[in-house]
Amino acid sequence: MATKIIVPMLALLALTPPATAAQFDSAYTDINLDDCTVMNSDDFGSTWACPGYKGYPLWIGEGDLRFFISYGFDSGNEIVAGQTPPPFNYLGPKLEWRLSNASGGFKPIATIVRYFVQLGDTDKQGQVLVVTQIEPGNTCHIGYIDAVANSNANQLARDIADKAGNFDCASASPTFSAKFQAWDN
């Protein structure tokens, strides 16, 4: 009797596709400085502590008409705390968190945020998706995608984000999309 039950169960297991080693997903949080706590503010800029994905620490700074975003419990000491697109810029309203379940539970490995950037000395504006690797002690920008020049900009950004964890912030340079016109790189 047990054989009659076990054999069909084994056949069913054989037809089940194997789980992939790493699966990715996205979660979204709002970037609304009104929901953040002002950490510091003076004539030269401001910093905020903001709600991140499931309580993950998020730090936003502004100085010289440029925004910075950093992540983690030591966010002020991460390389990304000093990175921003070169032109004057401001942040879009959403932050996409790329999540991986490679370690057994979906955890943030990267983010994608839209920066609106000034194009040269004009009143025109560009849009750049900035991909940031999240890895304590090794958090930095790993990709810049011109969201106006590339119709598939979101997918390009996700492809870069899903490689996070393999980027050495101290020695590597971020990837630029093949079509990039937001600033000279």
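A compact table of results
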| read-out | value |
| --- | --- |
| The range 87-107, subset free of Cβ contacts under 8 Å to residues at least 40 places away in the same chain and over 20 Å from Thr37 (Cα atoms), residue surrounded by the most Cβ atoms within 10 Å (Cβ to Cβ) | Asn89 |
| Contacts under 7 angstrom Cβ, first residue in the range 165-183 being closer than 22 Å to Thr139 by Cβ, partner open to solvent by 90 Å² or more (accessible area, probe 1.4 Å), 6 or more apart | Phe176/Asn185 |
| Selected residue [closer than 22 Å to Leu58 by Cα and touching a Phe, Trp or Tyr at 6+ places or on another chain (Cβ under 7 Å)] from Val130, Val113 | Val130 |
| Filter result (in contact (Cβ under 8 Å) with a residue 24 or more places away in the chain and surrounded by 15 or more Cβ atoms within 10 Å (Cβ to Cβ)) within the range 53-74 | Tyr53, Tyr56, Leu58, Ile60, Phe67, Ile69, Ser70, Tyr71, Gly72 |
| Given (1) open to solvent by 40 Å² or more (accessible area, probe 1.4 Å); (2) under 15 Å from the mean Cα position of the chain (by Cα); (3) hydrophobic (A, V, I, L, M, F, W, C), index of the condition Ala170 fails | (2) |
| Any hit, the range 42-52, residues being open to solvent by less than 20 Å² (accessible area, probe 1.4 Å), assigned to a loop (DSSP other than H, G, I, E, B) and touching a Pro at 6+ places or on another chain (Cβ under 9 Å) | yes |
| Of all residues in the range 114-123 being open to solvent by 30 Å² or more (accessible area, probe 1.4 Å) and not acidic (Asp, Glu), the one that is farthest from Lys54 (Cα to Cα) | Thr122 |
| Residues of the range 59-84 classified as part of a loop (DSSP other than H, G, I, E, B) and over 16 Å from Thr139 (Cα atoms), total | 2 |
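This table checks each residue for (1) on the phi < 0 side of the Ramachandran plot; (2) polar (S, T, N, Q); (3) surrounded by fewer than 19 Cβ atoms within 10 Å (Cβ to Cβ).
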| site | (1), (2), (3) |
| --- | --- |
| Pro85 | yes, no, no |
| Ile109 | yes, no, no |
| Ile112 | yes, no, no |
| Gln125 | yes, yes, yes |
| Val130 | yes, no, no |
| Gln133 | yes, yes, no |
| Thr139 | yes, yes, no |
| Asp146 | yes, no, no |
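The values are calculated or read from the model by the stated rules, or taken from the named source; none is laboratory data. Here the structure is a predicted model, which means the values were calculated and not measured. Reconstructed Cβ throughout: ideal geometry from the backbone, glycine too, with neighbour counts over all protein chains shown. Note: areas computed on protein heavy atoms with side chains; ligands, DNA, RNA excluded. Shrake-Rupley method; radii C 1.70, N 1.55, O 1.52, S 1.80 Å.
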